[in-house]
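Single-structure report; data block below.
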Amino acid sequence: MKKMHFFRKKIFLSILLGLTIQYSVIFANEIPQEIKNLWVFSVGVLEWKNSTIFSSFPSQMRRDEKMIDILKKYNIPDPHIHYIQDHTATKNNVEREFSEFISTIPSEDTLLVYYCGHGWKSDNGREMYFATWDAGNGGIMGWSARSILNELNEKFTGKQVFLLADCCNCGYIVDALGKMTTQKKIAAVMSSRANQTST
């Protein structure tokens, strides 16, 4: 069974923050089971090799680092968090490490996938990519939204997935999920529609 959601920017940011701090008041001295069973694959790219195509974002108060810091504060085990940042987030690294990571998650656990950076579409508009650090060089487009769904459908071993992205055109993944046949529980929370910019 599939679950799909689209939220506008303010709601998206509230959900992102809520997913990371929702237990901070209630569980002052205890880590809830939901947090213990959470796995996180986060890709944050704020600068790119091809700065002509992709302008950099300010590095101050970056949301990807804030989310990871909060999760670590509540003692999510280090092996449960896989965080790739800036120049290490090449297409090959992201695709390989994502494939390996999602195939190790226990059957009752939840996966949170988060990307922040630039999003762009192919010339024909049929594909959408999360811009990896080396996107725009040598024909490299980046991390394909379609490939993410395919990998999850084929290799994800856990209970459910939350997909979050903060970039232009990321609503494409909601549309693609709606056309996909899968028994996996996948929720998509995006900051923009498929043909919309995100600031």
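The values are calculated or read from the model by the stated rules, or taken from the named source; none is laboratory data. Note that the structure is a prediction, hence the values are computed from the model and not measured. Cβ placement follows ideal geometry from the backbone for every residue including glycine, while neighbour counts extend to all protein chains displayed. Areas reflect the complete protein model, heavy atoms only, side chains present, ligands, DNA and RNA absent. Shrake-Rupley method; radii C 1.70, N 1.55, O 1.52, S 1.80 Å.
Note on exposure: T52, T90 ranked by accessible area (1.4 Å probe, complete protein assembly) read T52, T90, with the most exposed listed first.
For L177, the solvent-accessible surface with a 1.4 Å probe is about 0 Å², rounded to the nearest 10. Other residues whose C-beta falls under 12 angstrom from the C-beta of E65 contribute a net charge of +1, scoring Lys and Arg +1 and Asp and Glu -1. For segment 56-152, GluC sites (Glu not before Pro) meeting the loop criterion (DSSP other than H, G, I, E, B) and having at most 13 other Cβ atoms within 10 Å: E108.
Among the listed pairs K72/K185; K72/K159; K36/K159; K159/K179; K72/K184, those whose Cα-Cα separation exceeds 19 Å are K72/K185; K72/K159; K159/K179; K72/K184.
Here the relative contact order of segment 158-199, from alpha carbon pairs under 8 Å that lie six or more residues apart, stands at 57 percent. Per residue, the solvent-accessible area of segment 92-199 (1.4 Å probe, heavy atoms of protein chains only, all protein chains present) comes to 42 Å². Accessible surface comparison of Y74, Y172, probe 1.4 Å, protein chains only, largest first: the order is Y74, Y172. If a/c stays under 1.5 just call it rounded; otherwise compare a/b with b/c (prolate if a/b is bigger, oblate if not). Do that for segment 131-197, with a ≥ b ≥ c from the square roots of the Cα gyration tensor eigenvalues. Oblate is the answer for segment 131-197, as a/c is 1.5 or above yet b/c matches or exceeds a/b.
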